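Since every read-out is calculated from the coordinates, none of them should be taken as a lab result. Since the structure is predicted, the reported quantities are computational estimates derived from the model, not experimental observations. Cβ placement follows ideal geometry from the backbone for every residue including glycine, while neighbour counts extend to all protein chains displayed.
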Amino acid sequence: MSKTTRRRVLRGMLDGAAVTVALPFLECLLNGNGDALAAGAPLPVRFGTWFWGLGINTPIFTPKKFGADYDLPEQIASFKGVSQHINIYSNFDVMTDGRANFCHYTGWVALRTGEIPAEPTSLPRESLDLTISDKIGTATRFRSIQLAATGNPRTSHSFRNADAINPPDVSPKDLYLRIFGPEFQDPNAPTFTPDPHVMTRKSALSAVIEQSASLRKTLGKSDQIRLDEYLSATRALENRLALQLQKPADAPACKISIGQDKQLPIGLDADLLAARHNLMADILVMALACNQTNVFNLAYSDASAATTRNGTPRPHHPQTHEEPKDQELGYQPGAAWFSTRAMESWSYLVKAMANFKEGDATLLDRSLVFANSDCRLAQIHDLVGVPIMTAGSAGGRIKTGFHVDGQRSPGTRVGLTAMQAMGLQISDWGVNSMKTSHAVSEVVA
């Protein structure tokens with residue numbers, strides 16, 4: 001095949017920084033069935049998480065029907081057209097075992113770590129995305145990508161512990177430049193030239209590691225621990241840089257379009273938040289398709305969401321506590337409006353991944369996205385039935401389009417199911433009442 005038929009690259013400048021734009025992919029990069037690369041390597045399976053704050057409004061969120069082909073109440077009406085890709089998990093609880101329920105914190109921490117936090121700022125174990133990233137994220141340029149549509153750099157649900165929290169990208173423009181800027185290597189280019197700047201940095205890092213052995217002998221125990229932690233981080237960075245010195249694997253679906261670079265103003269107006277979220281989702285889809293990462297975490301809103309609505313005096317969080325319940329409707333209509341907007345953004349992400357063709361399937365078909373909130377009913381910080389959803393089939397390992405009744409079992413069952421679907425060889429997950437060895441069998445393919 002002529003090199004001129006391979007994908008070519010457009011290079012340009014954006015605010016003084018170089019960007020690379022890959023042109024449309026060619027099917028010749030796939031095998032005859034369209035389910036693997038032409039060289040025989042399997043197409044990757046990705047994992048992501050999505051978070052929204054302040055729960056749901058059960059009367060207009062929860063489908064009345066369990067099983068397949070569930071109904072779509074008002075709050076999830078935006079699922080129309082993608083509900084076949086989404087599983088809803090109802091009646092899965094967070095059990096505190098007598099510990100305090102730290103408002104807007106305990107629920108999501110327990111679902112992401114399997115353990116109830118002892119303090120309002122403690123993170124008792126690593127988040128499940130990093131456990132999965134250790135399995136599937138080591139061969140990509142970024143082990144994981146964190147994004148916060150809130151614009152708040154503290155909005156992160158990805159961590160090793162309370163002292164090692166992964167900071168999110170909060171600007172679509174900065175995210176675009178970080179992924180597709182000067183260090184981006186087009187995975188489908190016919191030629192490959194390592195970046196000399198990366199080579200220089202790698203050499204410098206190697207020198208630091210080589211000199212560490214003699215230094216370590218002169219240190220006390222506590223300083224040795226600190227040095228080891230530093231060197232572990234250094235080695236991880238060196239491994240990331242090493243990937244820049246190797247030709248990336250072909251990525252047939254990699255197609256970057258101009259126009260992802262605009263900067264949105266700051267603020268938490270619901271319309272602006274949705275625009276920022278959706279732009280991040282579009283960039284994220286391209287990052288996944290171009291094999292820049294296999295793991296991501298996208299936050300639509302904070303646990304104590306301060307989203308605002310034009311013409312409404314109270315942001316979302318105060319609205320949940322100050323607005324009286326409409327006795328006829330059975331819920332707080334003002335607060336419900338915000339949660340409905342969150343579900344529209346969730347639907348946008350699912351649709352963007354489901355509409356992105358990748359060989360004989362879609363990006364969503366080869367992904368699993370775990371979504372959760374911090375509580376069920378924000379007015380009382382309810383941990384009974386904290387809402388959880390998943391989207392995607394993880395390459396055929398998860399059945400989709402189901403509404404599952406957890407029957408008051410721990411929500412960690414969904415996390416365990418996700419980790420097993422991503423290839424982790426674990427039989428149980430969680431601590432105390434949150435510990436489980438029972439995957440959600442209804443959705444296991």
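So what's the net charge close to VAL384: Lys and Arg +1, Asp and Glu -1, counting the other residues with Cβ under 12 Å from its Cβ? List each step's numbers first, then the result.
On the way: positive: ARG376, ARG408; negative: ASP93, ASP382.
That works out to 0.
Among the listed pairs LYS64/LYS399; LYS64/LYS325; LYS65/LYS435; LYS135/LYS351; LYS135/LYS435, which are separated by more than 23 Å between their Cα atoms? Mind showing how you got there, number by number?
Details: LYS64/LYS399 20 Å; LYS64/LYS325 21 Å; LYS65/LYS435 28 Å; LYS135/LYS351 26 Å; LYS135/LYS435 21 Å.
Those over the limit are LYS65/LYS435; LYS135/LYS351.
In debye, nearest 20: dipole of the stretch 118-177 around its Cα centre with unit charges on the Cβ of K, R (+) and D, E (-)?
Numbers: 7 positive and 7 negative charges, 35 e Å.
Using Cβ point charges on Lys, Arg, Asp and Glu, the stretch 118-177 gives about 160 debye.
Sort GLU344, GLU328, GLU74 so the one with the fewest other Cβ atoms within 10 Å of its own Cβ comes first.
On the way: GLU344 18, GLU328 5, GLU74 13.
Ascending number of Cβ neighbours within 10 Å: GLU328, GLU74, GLU344.
Once the other residues with Cβ under 10 Å from the Cβ of MET434 are scored (Lys, Arg +1; Asp, Glu -1), what is the net sum? Each step should come with its number before you reach the end.
Details: positive: ARG413, LYS435; negative: ASP93, ASP97, GLU115.
Every neighbour counted, the sum reads -1.
Express in nm, to one decimal, how much length is gained between ALA164 and ARG216 on full extension, taking 0.36 nm for each residue of separation and deducting their alpha carbon distance. Each step should come with its number before you reach the end.
Working: separation 52, 0.36 × 52 = 18.72 nm, distance 2.27 nm.
Between ALA164 and ARG216, full extension yields an extra 16.4 nm.
Give, as a single signed number, the net charge of other residues whose beta carbon lies under 13 Å from the beta carbon of ASN101, with Lys and Arg counted +1 and Asp and Glu -1.
Working: positive: ARG99, ARG376; negative: ASP93, ASP97, GLU119, ASP374, ASP382.
Net local charge, ASN101 excluded: -3.
Could you tell me the calculated FRET efficiency between ASP271 and ASN152, based on Cβ-Cβ distance and R0 = 25 angstrom, to the nearest 0.05?
Details: r = 18 Å, r/R0 = 0.71.
Computed FRET efficiency for ASP271 and ASN152 comes out at 0.90.
If you stretched the chain out fully between ALA77 and ASN432, how much longer would it get, using 0.36 nm times the residue separation minus the C-alpha to C-alpha distance?
Values: separation 355, 0.36 × 355 = 127.80 nm, distance 3.69 nm.
Full extension of this stretch gives 124.1 nm more.
I need HIS277, HIS321, HIS403 ordered by Cβ neighbour count within 10 Å, fewest first.
HIS321, HIS403, HIS277
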